[in-house]
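Right, one structure below, let's go through it.
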Amino acid sequence: MSDTDVSVQVATQAAEVSYQRRSPWASMLRRFRKNKRALVGFWMVVVFVGIAVFAQAIAPYDPIEQNMDVILQPPSADHLFGTDEYGRDILSRIIYGSQISLMIGIVGVLISVVIGVGLGTISGYFGGRTDMFIMRIMDIFMAFPSFLLALAIVSVLGPGMVNVMIAIGIFSVPTFARISRSAVISVKNKEFIEAAKSMGASHARVIFKHVLPNSVAPIIVLSTMRIATAILTASGLSFLGMGAQPPTPEWGAMLSTGREYLRTAPHVSTIPGLAIMFMVLAFNMLGDGLRDALDPKMKL
């Protein structure tokens, strides 16, 4: 065998070793980049986040400033999305409304993650009566339709964005608890967990150092998709008058007030509805892409 052949063989073996040692997250990122639908969802989310962050610089008008001279004006050069029943610029209200929708979705899901993952981890790790007690409570919550449960919670707490976030956080807890419990059960009996226990590691160290890091993938996927559900639920509650209150530029509330003008000024309700649809679609596409990328059974 010539020196050239030996060099090629060594280089090939080195490449194979490097490939085998590639971290799971690097492989996930590579799969994610190959998913065109996931990339579209990712960039749509980036655009919405950018609009929300730079709303003050992007919005051409004050979102709550009224101008009775341009009431229900159709889309024009001065008002690209038209104006509403109080002469407020709809484009500016859509831009500022993205802040509210994202805040409600992200904060609501964070509440669910903290409570649901905590309960699911405890349930799956310790098992026995603890598992039975926690899961039966989750079953009670899951017996109610999600939106009706959120509506009931907001009815008790009162309308408002803070209460909407609390309601969204509560009704999503059972889903996170069950997913987390399943993930923990699948890893808690692995060899490296037993090794950590045999070395005298405490339960807290085993959970936070070994169990949670190896069961985080389904939580990431679920969190992304639940943000879409949270945004849709918050819009529904605001549509019913239980969420953000006027003159807050919330998309669901804008959609509700525009119902009265569907014949004369359909843009008042159509544009907020499209904004809700595209944001929910973006997070769902991103969540689907993350699920495919994080699935270890997917081909590299």
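A few remarks follow.
- For TYR86, the residues 5 or more places off, or on other chains, whose built amide H falls under 5 Å of its own are LEU72.
- When every Cα-Cα distance of the stretch 186-238 is counted in 10 angstrom steps from zero, the calculated P(r) takes the values 22, 33, 20, 16, 8, 1 percent.
- Three-way shape label, the stretch 144-266, alpha-carbon gyration tensor, a/c 1.5: prolate
- Cα-Cα pairs of the stretch 84-169 separated by more than 22 Å (percent): 45
- Shown in residue order for the stretch 225-238 are the 3J(HN,Hα) couplings computed by the Karplus curve 6.51 cos²θ - 1.76 cosθ + 1.60 at θ = phi - 60°: 6, 6, 4, 4, 5, 5, 5, 5, 5, 4, 5, x, 5, 5 Hz (x for Gly and Pro).
- The helix-based estimate of mean residue ellipticity at 222 nm for the chain, built from -39,500 (n - 2.57) per DSSP H run of four or more residues and divided by its residue count, is -22000 deg cm²/dmol to the nearest 500.
- Accessible surface of the chain, 1.4 Å probe, proportion on carbon and sulfur as whole %: 66
- Charge context of ILE185, other residues only, Cβ under 15 angstrom, K/R +1, D/E -1: +2
- Cα centroid separation, the stretch 204-232 to the stretch 44-114 (Å): 30
- Per the Kirkwood formula applied to alpha carbons, the stretch 194-272 shows a radius of gyration over Rh ratio, Rg over Rh, of 1.42.
- On Cα atoms only, tilt of 267-294 relative to the major axis of the chain in degrees: 0
- For the chain, the longest principal axis of the C-alpha atoms and the axis of helix 90-112 are separated by about 40°.
- Spherically averaged projected area of the convex hull of Cα atoms, the stretch 18-147: 14.1 nm².
- C-alpha long axis of helix 128-142 to longest principal axis of the chain, angle in °: 20
- P(r) for the stretch 104-152, from all Cα pairs and a bin width of 5 Å, is 5, 19, 20, 26, 18, 9, 3, 0 %, short bins first.
- Per residue, the accessible area of the stretch 52-125 comes to 46 Å² when a 1.4 Å probe rolls over the protein heavy atoms.
- Volume of the Cα convex hull of the stretch 137-208, divided per residue and given in Å³: 110
- The calculated pair-distance distribution of the chain uses every alpha carbon pair, bins of 10 angstrom beginning at 0, and gives 6, 21, 25, 21, 13, 8, 4, 1, 0 percent.
- Trypsin sites (Lys or Arg not before Pro) lying in DSSP loop within the stretch 161-259, provided at most 15 other Cβ fall within 10 Å: LYS190
The values are calculated or read from the model by the stated rules, or taken from the named source; none is laboratory data. Since this is a predicted model, take the numbers as computed values, not measurements. Glycine also receives a Cβ, built like all others from the backbone with ideal geometry; neighbour counts cover every protein chain displayed. Keep in mind that these areas ignore ligands, DNA and RNA; they rest on the heavy atoms of the full protein, side chains included. Shrake-Rupley method; radii C 1.70, N 1.55, O 1.52, S 1.80 Å.
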